[in-house]
Amino acid sequence: MLVQELTNNEITSRITSMTTHDVERALQKEIIDFFDLCALVSPAAAPFLELMGQRVHAESTRLFGKTVLLYTPVYISDACENGCVYCSFNSTHFYRRSVLSHEAMREELHLLHAQGIRQVLLVTGEAPSVMSGLMIAGYCGTVREIMPSVGIEVQPLSQEEYRACVEHGADHLACYQETYDRQVYDDVHPYGRKRDFEWRYDVPERAAHAGMRSITLGVLLGLSEPRADVVQCALHARSIADRFPEVTVGFSLPRIRPFAGAFVPEYLVNDTLFVQLVLAYKLWMPHAVISISTRETASFRDALLPLGVTKMSAGSHTEVGGYAHDQHGEAQFVINDTRSIADVATSIAANGYQPVFKDWHVF
Amino acid sequence: MDSLVLGGKRFSNRLFTGTGKFASNSLIPAILSASGSEMITVALRRMDFTSPTENILAYIPDHVTLLPNTSGARTADEAVRIARIAREAGCGNFIKIEVIHDAKYLLPDNYETLKATEILANEGFIVLPYMSPDVMLVRSFEDAGAAAVMPLGSPIGSNKGLMTRELIRMMIEYARIPVIVDAGIGKPSQAAEAMEMGAAAVLVNTAIAGANDPELMASAFAQAVDAGRKAFCAQCAVPQEFAHASSPLTGFLRDE
């Protein structure tokens, strides 16, 4: 059966029909298909978590070794014209928005470089009149003066703008669909450019066409029924990987955390479900990178190390100018792992893994 | 002495090793000591000359030949650029060409690899191209100036051994330069098998780095490579597929 584009409700229906027999069958296969994936994210897979974990641990050790790449996000603009109900950058939240100048960003980068960081992720809200795609490309170029690797997590850009970013040295991109449930997507994005589902959905394809080497997808866990959202994201990622085999595809799993505005998520993703979803992603695409941010606590992130996590942010600040400057705006989300970069690296090593700072260089 | 000569250097140990995937760079000297390996490969993109504590090169003893690789290159041009930078950075003349634009199985692009081989060989590099076993391309790599060819046994990190054994065997038959099996060797017995077939050397990274005791595994691999090479040199008897009487069809003939 060809897997056509399915709605979240259709996928949920498939998931809830899965039995332990389906999970056992999935775990006996080397290559996981759509039905197997539904089984692996289903409640029926709960008793198999340890088995899934063992397999992911073995596969990830072979493919990635005992290494974890560390990077730091750098927020260069919190100006935003969208009304995303779950985000503190929401345009209805009145606080002084700011843009980091190139010179101020250089100061931040030098500080981070001194702490060992060699890869940063530039983050913005969505306000093209304040921070356009070409301006972001310029910032990428500035980062590359100091760091060997730069990525972007910004508003959806055109293919030409992504090409400009790549030409200025960007090698990876993160863009989360937030949710693949169309109704929920409309509900949580009441206005602004972000309301355009398809424009955002096509970001990975535009970026891949533009030559972006690595693309990270994800959903904001809690917005909608998470198991179906993860399956949708996995299908989206596989379609990108199949059409662009040269692109390194990855997943991140941001969970909604409290912020200014107190958005309460409809679905609770507890730690057990979170781990199940990480393992499902890894079994679906063993070569995929799994990136975990500082939304998660230190102890939880450490516990995830043997379970296929290959990339972590460290020493994060989610305000503009959070590293070198006293003037702080609003944080995009609460940081739950407040360890310094050095402490994160030490903890990773204590857990039997090598913290890697430099794993990429655009020559 | 049965040694392998590459680029004018003599290697008495036919186990080459890598630097990736280890839990700590401090394991690298121990691995080299346990295995006796004399050649180690390092991705240029991992080298950090701005960080004294994080530079992998600091963990590699001087007597071990450095084999920088072009991991990350997706085209011949990118591989050539990386190779030139590696040499300018003081990494020597050896270069392992890795041109991969398959993020799923990490299979190399043989044609881009061939193009890079010719360019770099002409610039005086000692070129070891990592390639998918293509028997007909062996002569092309020789003509392009490769010092050896490095066909994969199975995909990088798969530990599946010599899935491509028949093609490797044919390559060894046709090749006039060393054939070094690289990628996919997961067990010492698989390394021994490659050497028994006539491979000049093997390169092992994942199977050592991912072992519970990498140092012990490195030692095991060294012994397996040595055993396999000795077996090849001793010309082990060709196994008979069928049991047979001494001359069942021609035994009726008598000298006239």
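The values are calculated or read from the model by the stated rules, or taken from the named source; none is laboratory data. All values reported here derive from a predicted model rather than from experimental measurement. Because the Cβ atoms are built from the backbone with ideal geometry, glycine has one as well, and the counts that use them run over all protein chains shown. These area figures cover heavy atoms from the full protein model, side chains too; ligands, DNA and RNA do not enter into them. Shrake-Rupley method; radii C 1.70, N 1.55, O 1.52, S 1.80 Å.
Which of the trypsin sites (Lys or Arg not before Pro) across region A:1-105 are loop residues per DSSP, with 12 or fewer other Cβ within 10 Å? Each step should come with its number before you reach the end.
Numbers: sites: A:Arg14, A:Arg25, A:Lys29, A:Arg55, A:Arg62, A:Lys66, A:Arg96, A:Arg97; in loops: A:Lys29, A:Lys66, A:Arg96, A:Arg97.
Within region A:1-105, the qualifying trypsin sites (Lys or Arg not before Pro) (loop, at most 12 other Cβ atoms within 10 Å) are A:Lys29, A:Arg96.
Report ³J(HN,Hα) in whole Hz for each residue of region B:105-115, in order, from the Karplus equation J = 6.51 cos²θ - 1.76 cosθ + 1.60 where θ = phi - 60°; Gly and Pro get x.
Along region B:105-115, the couplings run 10, 6, 7, x, 8, 4, 6, 5, 5, 5, 4 Hz.
Place a +1 charge on the Cβ of each Lys and Arg in region B:137-209 and a -1 charge on the Cβ of each Asp and Glu, then give the dipole magnitude about the Cα centre in debye, rounded to the nearest 20. All intermediate terms of the calculation are to be shown ahead of the outcome.
Working: 6 positive and 7 negative charges, 29 e Å.
About 140 debye.
Can you give the helix-only mean residue ellipticity at 222 nm for chain A, where every DSSP H stretch with n ≥ 4 adds -39500 (n - 2.57) and the sum goes over all residues, rounded to the nearest 500 deg cm²/dmol? Mind showing how you got there, number by number?
Numbers: 14 runs with 143 residues, N = 363.
Result for chain A, helices only: -11500 deg cm²/dmol.
Roll a 1.4 Å probe over the protein chains and send me the accessible area per residue for the protein assembly as shown in Å².
41
Which order do A:Phe94, B:Phe232, B:Phe11 take by accessible area at a 1.4 Å probe, largest first?
Values: A:Phe94 190, B:Phe232 80, B:Phe11 5 Å².
From most accessible down to least: A:Phe94, B:Phe232, B:Phe11.
When the solvent-accessible surface of protein heavy atoms is calculated with a 1.4 angstrom probe, in what order do A:His102, B:His63 fall, highest first? All intermediate terms of the calculation are to be shown ahead of the outcome.
Working: A:His102 60, B:His63 135 Å².
Greatest to least solvent exposure: B:His63, A:His102.
Within 10 Å of each Cβ in B:95-108, how many Cβ atoms from other chains are there, averaged over the peptide?
On the way: counts 0, 0, 0, 0, 0, 2, 5, 3, 13, 10, 2, 2, 1, 0.
What the average comes to for B:95-108 is 3.
Could you check the simple spin-label distance between B:Lys9 and A:Asp187, using points 7 Å along Cα→Cβ, in nm with one decimal?
6.4
Taking the full set of protein chains and a 1.4 angstrom probe, give the accessible area of A:Thr16 in square angstrom, rounded to the nearest 10.
100
Could you calculate the FRET efficiency of B:Ser26 with A:Ser158 from 1/(1 + (r/R0)^6), where r is the beta carbon distance between them and R0 is 35 Å, rounded to 0.05?
Details: r = 47 Å, r/R0 = 1.33.
The calculated FRET efficiency here is 0.15.
Would you kindly state how much longer the chain becomes between B:Ser33 and B:Glu173 on full extension, computed as 0.36 nm times their sequence separation minus their alpha carbon distance, in nm to one decimal? Please report the intermediate quantities before stating the final value.
Details: separation 140, 0.36 × 140 = 50.40 nm, distance 3.29 nm.
Extra length available between B:Ser33 and B:Glu173 comes to 47.1 nm.
Summarise the accessible area of chain B (1.4 Å probe, protein heavy atoms) by the percent that is carbon and sulfur. All intermediate terms of the calculation are to be shown ahead of the outcome.
On the way: 6160 of 11580 Å².
Answer for chain B: carbon and sulfur cover 53 percent of the accessible area.
Can you pull the mean other chain C-beta count within 10 Å for peptide A:55-61? The partial results should precede the final answer.
Working: counts 0, 0, 0, 2, 2, 2, 9.
That average works out to 2.
Give me the percent of the accessible area of chain A that comes from carbon and sulfur atoms, probe 1.4 Å, all protein chains in place. If you can, show how the numbers build up before the last one.
Numbers: 7230 of 13530 Å².
Ligands and nucleic acids excluded, carbon and sulfur reach 53 percent.
Given an 8 Å cut-off on Cα distances and at least 6 residues of separation, report the relative contact order of region A:127-272 as a percent.
Values: 210 pairs, mean separation 32.1, N = 146.
Relative contact order for region A:127-272 comes out at 22 percent.
Using the alpha-carbon centroid of each, what span in Å lies between region A:166-231 and region A:89-141?
20
On average, how many beta carbons from a partner chain sit within 10 Å of the beta carbon of a residue in A:352-362? Don't skip to the answer; put the middle values down first.
On the way: counts 2, 3, 8, 2, 5, 5, 11, 7, 4, 9, 3.
Mean number of neighbouring Cβ atoms from other chains: 5.
What fraction of the Cα pairs in chain B, stated in percent, has a spacing above 28 angstrom? Don't skip to the answer; put the middle values down first.
On the way: 10468 of 32640 pairs.
Here the long-distance tail beyond 28 Å is 32 percent of all Cα pairs in chain B.
Taking H as built 1.01 Å from N, whose amide H comes closer than 5 Å to the amide H of A:Gln354, not counting residues under 5 places away?
Distant-sequence amide H within range of A:Gln354: A:Thr67, A:Val68.
Work out the length of the dipole vector of chain B about its Cα centre, built from +1 on the beta-carbon of each Lys and Arg and -1 on the beta-carbon of each Asp and Glu, and round it to the nearest 20 debye.
Using only the charged Cβ atoms, the result is roughly 280 debye.
Measuring from label point to label point, each 7 Å out along Cα→Cβ, what is the A:His209 to A:His57 span in nm?
In this crude spin-label approximation the distance works out to 4.4 nm.
Which residue, chosen from A:Thr142, B:Cys233, B:Leu106, occupies the Cα position most advanced towards the positive end of the dipole of the protein assembly as shown, where the dipole is computed from +1 (Lys, Arg) and -1 (Asp, Glu) charges on Cβ about the Cα centre?
Of A:Thr142, B:Cys233, B:Leu106, it is B:Cys233.
Show me, for region A:51-62, the HN-Hα J-couplings you get by feeding each phi into the Karplus relation (A = 6.51, B = -1.76, C = 1.60, θ = phi - 60°), rounded to Hz, glycine and proline as x.
Karplus-based 3J(HN,Hα) across region A:51-62 equals 5, 4, x, 5, 5, 4, 4, 5, 5, 5, 5, 5 Hz.
State the answer as a single residue: which of B:Thr117, B:Ala34, B:Val204 lies farthest towards the positive end of the charge dipole of chain B, with beta carbon charges of +1 for Lys and Arg and -1 for Asp and Glu, about the Cα centre.
The listed residue farthest towards the positive side: B:Ala34.
Read phi for every residue in region A:349-356 and hand back ³J(HN,Hα) as whole Hz from Karplus 6.51 cos²θ - 1.76 cosθ + 1.60, θ = phi - 60°, with x for Gly and Pro.
With the stated coefficients, region A:349-356 comes to 5, 5, 8, x, 10, 9, x, 10 Hz.
Accessible area, 1.4 Å probe, largest first: how do A:His110, A:His93 sort? Please report the intermediate quantities before stating the final value.
Values: A:His110 105, A:His93 50 Å².
Sorted descending by solvent-accessible area, the residues read A:His110, A:His93.
Take A:Arg96 and A:Thr297, extend 7 Å from each Cα along the Cα→Cβ direction, and tell me the distance between the two endpoints in nm.
3.5
If I ignore ligands, DNA and RNA and count only protein heavy atoms, how much of A:Glu81 is accessible to a 1.4 Å probe, in Å² to the nearest 10?
About 90 Å², rounded to the nearest 10.
Calculate the dipole size of the protein assembly as shown relative to its Cα centre from +1 charges on Lys and Arg beta carbons and -1 charges on Asp and Glu beta carbons; express the result in debye to the nearest 20.
Numbers: 52 positive and 71 negative charges, 169 e Å.
So the dipole magnitude of the protein assembly as shown works out to roughly 820 debye.
To the nearest 100 Å², how much accessible surface do chains A and B hide from each other in total, with a 1.4 Å probe? Each step should come with its number before you reach the end.
Details: alone 14810 and 12810 Å², together 25110 Å².
In total, chains A and B hide about 2500 Å² from solvent.
Pairs of alpha-carbon atoms within less than 8 angstrom and 6+ residues apart define the contacts here; what relative contact order does chain B have, in percent? All intermediate terms of the calculation are to be shown ahead of the outcome.
On the way: 505 pairs, mean separation 43.7, N = 256.
Result for chain B is 17 percent.
Would you kindly find the accessible area of A:Val219, with a 1.4 Å probe and non-protein molecules such as ligands, DNA and RNA excluded, rounding to the nearest 10 Å²?
Answer for A:Val219: close to 0 Å² accessible.
Have a look at the DSSP beta bridges in the protein assembly as shown and tell me what percent are antiparallel, nearest 5. Walk me through the intermediate numbers first.
Working: 5 of 61 bridges.
The answer is about 10 percent antiparallel.
Pop the C-beta distance of A:Asn270 and A:Glu24 into the FRET formula with R0 = 30 Å and round what comes out to the nearest 0.05.
Working from the Cβ atoms, E equals 0.80.
Take the Cβ-Cβ distance between B:Asn122 and B:Glu215 as r, set R0 to 60 Å, and report the resulting FRET efficiency rounded to the nearest 0.05.
On the way: r = 40 Å, r/R0 = 0.67.
Between B:Asn122 and B:Glu215 the formula returns 0.90.
What is the local net charge at A:Asn82, summed over the other residues whose Cβ is closer than 10 Å to its Cβ (Lys, Arg +1; Asp, Glu -1)? Show your work: numbers first, answer last.
On the way: positive: A:Arg193, A:Lys194, A:Arg195; negative: A:Glu81, A:Glu126.
Taking every other residue near A:Asn82 into account, the sum is +1.
Only helical DSSP H runs with n ≥ 4 go in: add -39500 (n - 2.57) per run for chain B, normalise by residue count and round the 222 nm mean residue ellipticity to 500 deg cm²/dmol.
On the way: 8 runs with 86 residues, N = 256.
Taken over chain B, the calculation gives -10000 deg cm²/dmol.
Enumerate cysteines in chain A without a disulfide-compatible partner, where compatibility requires another Cys Cβ under 4.7 angstrom.
A:Cys38, A:Cys80, A:Cys140, A:Cys165, A:Cys175, A:Cys233
Relative contact order for region A:129-212: what percent, with Cα pairs under 8 Å and sequence separation of 6 or more? Kindly include the intermediate steps, with their values, before the conclusion.
Working: 91 pairs, mean separation 28.5, N = 84.
Once divided by the residue count of region A:129-212, the mean separation gives 34 percent.
Given H placed on each backbone N at 1.01 Å, which residues far from A:Leu122 in sequence or on other chains put an amide H within less than 5 Å of it?
A:Val74, A:Gly151, A:Ile152, A:Glu153
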